[in-house]
Amino acid sequence: MPDPDLRELDEILDLARAEADRFLEGLPYEPVRTQRATEAALEFDGALPEEGEGGLAALRELAGGGEALIRSAGPRFFHWVIGGTTPAALGADWLTSAFDQNAGAWDSSPLSARLEVLAVDWLRDLFGLPEGWGGVLTTGATMANFVGLACARSWWAERHGVDVDVEGLGELPPAPVLSSGYVHPSATKALSMLGMGRDRVRRLSRDAAGRLDLDALERELAALGDQPAIVIGNAGEVNAGDFDPIAAMADLCEEHGAWLHVDGAFGLFAAISPRTAHLVSGIERANSVIADGHKWLNVPHDTGFAFLRDPSRLGRVFSVSAAYLPGPDDERPVFFNLGPESSRRARSLAVWATLRAYGRGGYRRIVERHLDLAQRVARRVDEAPDFERLAEVPLNIVCFRYRPPDVPEEELDELNERIGRDVMADGRIYVGTTTYEGRAAFRPALVNWRSSEEDVDLIVDVIRELGERARASA
Ligand SMILES: *Cc1c(COP(=O)(O)O)cnc(C)c1O
């Protein structure tokens, strides 16, 4: 059956449903990573077939690749910051593929355009951003940073009398971009994509962790005089879940007329709980604020969102025109004029569905459960004689290292890095190491809605077990 054939569709969808069930049923107990993951991935090989074997055969082969999957959708994945998928979001995402809408314009999908308007506005409300702010869904926080910083660049060039979106950067000086040491590499990647230079961001840190030197920021802004600057605030950095002082940065940006962009990929969710909302106070005075969907919102990859205080800037930066396309003044939202992609996946369906299903209360409970779980892990670390916590736990990340009293300081980095590799090969939990204040450290991040006390207790237990084994074999 070498050509696509409608007759196989039923069987293909039944197979997909059965395989999805099998995968999801195993999520709570199967290893996050199997021992054969790499070999199993490499078993997919060979040249383009001259003649295919049909859809069902291809799907069976694909389903056979399960050993090469990482169960990052499950409750024991604590590496990087990766969420799972709520039931409502997963169902909506399946329908997104079946409906296969082009979410570029109202005329290509009134449903997805309408749901994007609603979803962005519900998220704005959820995060406590003022009415009047607008935004757009993106593929993730990197592209959301790109959107926010593209608008910042447009504003900055305008202050120099240049329409950079039309004329380009040629006539302009380098843009001053200021941040703390917490700035995420995706923001610098966005600066590089924008032609502003990855290395141009000034990291004004006052210590080895990267905390903002607020006085230095004030000095730098004052020294620029009338020159416009772009400031990147970091709401939730990846090593310890710490925050730049956003309100103080907003004060300085207002005083010196700078654009404030806030990267809140996961940290923006602090706004949802009264226990942590103070961490993001001041975001309502920023110019652009972004977050991720596939982290704490627990919608499938790939989803993020960018919010703009003045959403009309989006149309100036991203509008495309062609005789056959609707113009930017169209009464119905034309999202290809408001973001980097033209044809787009209807990400709004899953975002709308999960917010509709669980509401403000459901998300507050998810966030607060993770706050509690993070404190639980911190407590277990503090109580253990063979562990050392390295940072405060303001949110959902616990930064610590394995440190039995009889291991000399100079051997700790190597030991922790080795355990990190062993933990990921072991597969019961998934969490690697980072470098925090110059020391190798674990930094599990809790964002998956399924994670329980039992799951997070494995963090200390498994690291200790593999730590003892590593020392015994050394
Ligand atoms: C994850 C993350 C990003 C990048 O997000 P993607 O979804 O991978 O594009 C940016 N900033 C911060 C703080 C992050 O944690």
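The values are calculated or read from the model by the stated rules, or taken from the named source; none is laboratory data. Every value quoted in this text rests on a predicted model; they were computed, and no experiment measured them. As a convention, Cβ positions derive from the backbone with ideal geometry for all residues, glycine included, and neighbour counts pool all protein chains shown. All accessible areas refer to the heavy atoms of the entire protein, side chains included, with ligands and DNA or RNA removed. Shrake-Rupley method; radii C 1.70, N 1.55, O 1.52, S 1.80 Å.
Summary table below
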| read-out | value |
| --- | --- |
| The stretch 194-206 residues that are within 9 Å of Gly181 (Cβ to Cβ), paired with ones that are assigned to a strand (DSSP E or B) (beta carbon under 8 Å, 6 or more apart) | Arg203/Ser179; Leu204/Leu178; Leu204/Ser179; Leu204/Leu212; Ser205/Leu212; Arg206/Leu212 |
| Top-ranked residue in the stretch 132-147 [being open to solvent by 10 Å² or more (accessible area, probe 1.4 Å) and among the hydroxyl-bearing types (Ser, Thr, Tyr); ranked as nearest to the ligand (Cβ to nearest atom)] | Thr142 |
| Number of the exception - Ser192 against (1) touching an Asp or Glu at 6+ places or on another chain (Cβ under 6 Å); (2) hydroxyl-bearing (Ser, Thr, Tyr); (3) surrounded by fewer than 16 Cβ atoms within 10 Å (Cβ to Cβ) | (1) |
| Selected residue (criterion: nearest to Ala144 (Cα to Cα)) from residues of the stretch 176-205 that are under 18 Å from the mean Cα position of the chain (by Cα) and among the hydroxyl-bearing types (Ser, Thr, Tyr) | Ser186 |
| Residue within the stretch 460-473 that is touching a Pro at 6+ places or on another chain (Cβ under 9 Å), within 18 Å of Pro75 (Cβ to Cβ) and not basic (Lys, Arg) present | no |
| Whichever residue in the stretch 400-417 is open to solvent by 50 Å² or more (accessible area, probe 1.4 Å) and outside any loop (DSSP other than H, G, I, E, B) and, among such residues, is nearest to Phe78 (Cα to Cα) | Glu417 |
| The stretch 285-299, residues that are more than 9 Å from the ligand (Cβ to nearest atom) and either in a loop (DSSP other than H, G, I, E, B) or on the phi > 0 side of the Ramachandran plot (or both) | Ala286, Asn287, Trp296, Leu297, Asn298, Val299 |
| Selection status of Arg428, outside any helix (DSSP H, G or I) and closer than 23 Å to Asp292 by Cα | no |
| Whichever residue in the stretch 196-211 is buried (at least 18 other Cβ atoms within 10 Å of the Cβ) and among the hydrophobic types (A, V, I, L, M, F, W, C) and, among such residues, is farthest from Ala223 (Cα to Cα) | Ala209 |
| Scope the stretch 418-432; condition free of Cβ contacts under 8 Å to residues at least 24 places away in the same chain and open to solvent by 50 Å² or more (accessible area, probe 1.4 Å); matching residues | Arg421 |
